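Below you'll find the structure I mean.
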Amino acid sequence: MSVKIWPLEFNKEDYIELFKEAVNDDVALNVVSGIKRNNIVKETVKAVKEIAATYKLDYSDIAILYPNKDNKGLRYYIQHWVKMMLGENNIPYAITQEREDGMGVTISNNKGVVVAPIDEIAGLEFKAVILTGLYPCSFAFDGNEHRIKLKDWESVCELREEERAIVEDQIAKIYKAYCRANEVLYVLSDAETGTIIDDIVVSSEEKQIDQYVDSIFDDILKCVAI
C-alpha cells in the first residue's frame with residue numbers, strides 16, 4: 001500500500017484522515033473500541049480463532065502486534081499475557097528474531113501466530129494483523145514518570161517537546177501496524193475512551209461501516225443484474 005504524507009503539525013483532522021486512508025478497500029477491517037483493559041487478551045485470542053475460521057487462514061498467516069511489549073508503570077504486560085493465553089488455548093506462536101547478518105528479522109516458527117512489538121516487524125507483512133495493547137497509548141509520562149492522560153488533542157500540544165515526540169512515535173507505530181495487513185485487519189482497542197488514540201480507532205470504525213455499506217450495495221447490484 002502507498003504511504004500517505006505524514007502530518008507536519010499535530011492536527012486532529014489530518015491524523016484522522018491519515019488513518020482512514022491507511023487501510024486499502026480490499027482489506028477486511030474489523031474495529032472494536034472500548035474494550036476493558038482486563039479483557040483485551042481474551043478478545044485478542046478470540047480474534048485469532050475467528051480470523052483462522054472465517055478467512056481460512058493458517059496461524060502462521062496471522063500476526064498479533066502491539067506498540068510496546070510492556071509498561072511497568074501501568075503494570076501492563078501485553079506480550080507476556082498474550083503468549084500465556086495462546087499457550088492455554090493450544091495455539092502455537094512465533095516470535096521475531098534478528099537475522100544473523102543483521103539485515104532485518106526472521107520468524108522463529110513458521111507454523112505459529114506471530115507475536116511481536118510493532119518495531120520488531122520492520123519489512124514484514126502478513127495476511128492478517130491483530131492490533132492490540134493500546135491502553136498505554138492513552139497516556140504520556142513526564143520526567144518524573146507522572147502519568148498524563150491524553151484526554152484531547154490540545155493536551156498533546158501542551159506537552160514538553162520530548163514528551164510530545166514520544167506520543168507521536170506511538171501514533172506512528174500504530175499507523176505502521178495498519179499498513180502491515182494484506183487481507184484482514186482487526187483493531188482491538190482498550191485505550192481510554194475519549195483519548196486521542198480512541199479518536200483514531202473510532203475514525204477507523206467509520207471506514208469499517210463504509211465497507212459494510214459498500215458490500216450491501218454490491219450485493220444489491222448483483223441481484224438486480226441476475
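Readers should treat all values here as calculations from the given coordinates under stated rules, not as data from a laboratory. Predicted model only: the values in this text are computed from it and were never measured.
Test of understanding: express the Cα radius of gyration of segment 20-176 as a ratio to 2.2 N^0.38 Å, with N the residue count.
Expressed relative to 2.2 N^0.38 Å, the Cα Rg reads 1.10.
With both partners inside segment 14-122, how many of the DSSP beta bridges are antiparallel, as a percent to the nearest 5?
Antiparallel bridges make up about 40 percent of those DSSP assigns within segment 14-122.
Give me P(r) over segment 90-186, computed from all C-alpha to C-alpha distances, binned every 10 Å, as integer percentages.
With 10 Å bins starting at 0, P(r) equals 13, 37, 28, 19, 3.
Could you give the distance between the Cα centres of segment 119-153 and segment 6-35, to the whole Å?
When both Cα centres are located, 15 Å separates them.
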